[in-house]
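Notes to accompany the following structure.
The values are calculated or read from the model by the stated rules, or taken from the named source; none is laboratory data. These figures come from a predicted structure and were not determined experimentally. Every residue, glycine as well, gets a Cβ built from its backbone with ideal geometry; the counts of neighbours run over all protein chains shown.
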Amino acid sequence: MHFGVLVFPGSNCDIDCYKAVGDTIDQTVEYVWHTETDLSRFDAILVPGGFSYGDYLRCGAIARFAPVMTALQAFAARGGYVLGICNGFQILTEAGLLPGALLRNQSLKFRCHSALLRVENAGTAFTGSYQEGQVIDIPIAHGEGNYYCDEETLAELTRENRIVFRYAGENPNGSLNDIAGIINKEGNVLGMMPHPERAVHVRLGSGDGAGMFESILNAWRETNGAAVNR
């Protein structure tokens, strides 16, 4: 399986994502600069956290117009797996690949600490290694992780089981309905505020994030009938 990690000016979790793929599932991975226009060689794309373009205007609002985003929209339309983490989640909402928006944390403070998430949907390509209702420990690091959408969108997300993660216990940012991660209708684009790439080994404080990368690989193998690395 071939992973790509997008890199925008201001990305700071691209290295973490790159290493997480190698350390957890030992698959091919490469960095993809924001000027890239062809993503056809990849099977999955990670949109990492950070401060793309300095978070000027709104978080992700400038990155949304980078050349690579046109390619990413085409990649997602073809069914490629896309995981947007933190700033990556913000970029995906700005690009219209996921509904809603990320607002300033309710406390108006940057929050950086461990967080407990409940797996609401274990039937996705990103969560197949977990059990529904399982509580996992995944760190957060954001100032604008307060997920918001209108009532109609929330009802749709709930009805279609597209809320993949909710905060279990403390809601660190005031996110609507405790939402920590959502998926698109087709099930191949996931956005989440917490950082699974920072929780791939107990030496990092938690190994619970490794299951996300394992899930993506297993889903790809099932779809492609592959039992070995490509």
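Worth a mention:
- Flag for Leu154 being part of a helix (DSSP H, G or I) and not small (Gly, Ala, Ser): yes
- Test: residue in the range 8-16 that is over 18 Å from Ala141 (Cβ atoms) and surrounded by fewer than 23 Cβ atoms within 10 Å (Cβ to Cβ): yes
- Some residue of the range 110-126 being farther than 21 Å from Asp208 by Cβ and in a strand (DSSP E or B): no
- So Gln90, is it within 20 Å of Tyr148 (Cβ to Cβ), of a type in the set (S, T, N, Q) and touching a helix residue (DSSP H, G or I) at 6+ places or on another chain (Cβ under 9 Å): yes
- Checking Ala141 against (1) part of a loop (DSSP other than H, G, I, E, B); (2) modelled with pLDDT of 95 or more, the condition it does not meet: (1)
- Residue match in the range 72-80 (condition: crowded, with 23+ Cβ neighbours inside 10 Å, modelled with pLDDT of 95 or more and over 22 Å from Gly225 (Cβ atoms)): yes
- Residues that are part of a helix (DSSP H, G or I) and farther than 14 Å from Pro99 by Cβ within the range 157-181 comprise just one, Asp178.
- Pairs with Cβ under 8 Å, 6+ apart, first in the range 78-104 and under 17 Å from His142 (Cα atoms) and in contact (Cβ under 8 Å) with a residue 24 or more places away in the chain, second of a type in the set (Gly, Ala, Ser) and assigned to a helix (DSSP H, G or I): Asn87/Ser52; Asn87/Ala63; Ile91/Ser52; Ile91/Ala63; Glu94/Ala63
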